[in-house]
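All remarks here apply to the structure that follows.
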Amino acid sequence: MPGERPAPTWGEGIAMSNATLRGLCLVLIGVWGGACLSGCSKPVAKVTQTELPSDDELRDRIDRALDFTLSNRHLDTKDQAAWQIVHGALAYGRDFQVYHDGKLVPALDYLLDGGELRGWTLRKGDHGLKAVLEAGSKTGQGHVDQWLGYLSQCGLSPDEAIKVGFPIVNRWLDVIWLDPGNIGFLFSAP
């Protein structure tokens, strides 16, 4: 219709005085504050303190959990990858067993004797073998010589051999010290 004003666009047509705006803000603050303060009149719940176990009780509890895991939770070479199994060996050393072809075998002996496992990727190197870096894979070695560093913490003798799918048997410690890629001796070794 002639002479009619078009409908206001966003932001137009909402004209408030500063006093009206301040009043609206005070009302909103009052409503919010009242809602918050209404909970202040309730009695405070009594806090009870739980007594912490003694050092001996805590040690025994951890030992039971570790013993249960070692005796009752066995990984399997067909289902689990190197990351999980090597970490189990890191915790339990030579006592850690895994299923391979339906039989429980010592995990470290299985790996050191040439056993295959997803993420346990060893290649021929200049001085025997080299563990391949598989950063981000969540199955293989995540940082430089992680596997050999972990093996160094499992109570292996420095003369312990690692057999792989090619005709090389190495002392695991030589793999670390003789590798030309070990610039500045970065690898984890004792």
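The values are calculated or read from the model by the stated rules, or taken from the named source; none is laboratory data. Just so you know, these numbers come straight off a predicted model, no measurement behind them. As a convention, Cβ positions derive from the backbone with ideal geometry for all residues, glycine included, and neighbour counts pool all protein chains shown.
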Candidates PRO158, PRO167, filtered to the one that is surrounded by fewer than 17 Cβ atoms within 10 Å (Cβ to Cβ), at pLDDT below 80 and touching a helix residue (DSSP H, G or I) at 6+ places or on another chain (Cβ under 6 Å): PRO158
Residue list for region 41-66, filter: over 27 Å from the mean Cα position of the chain (by Cα) and small (Gly, Ala, Ser): SER41, ALA45, SER54
In region 86-121, the residues that are touching a Gly at 6+ places or on another chain (Cβ under 9 Å), buried (at least 21 other Cβ atoms within 10 Å of the Cβ) and among the aliphatic types (A, V, I, L, M): VAL86, VAL98, ALA107, LEU108
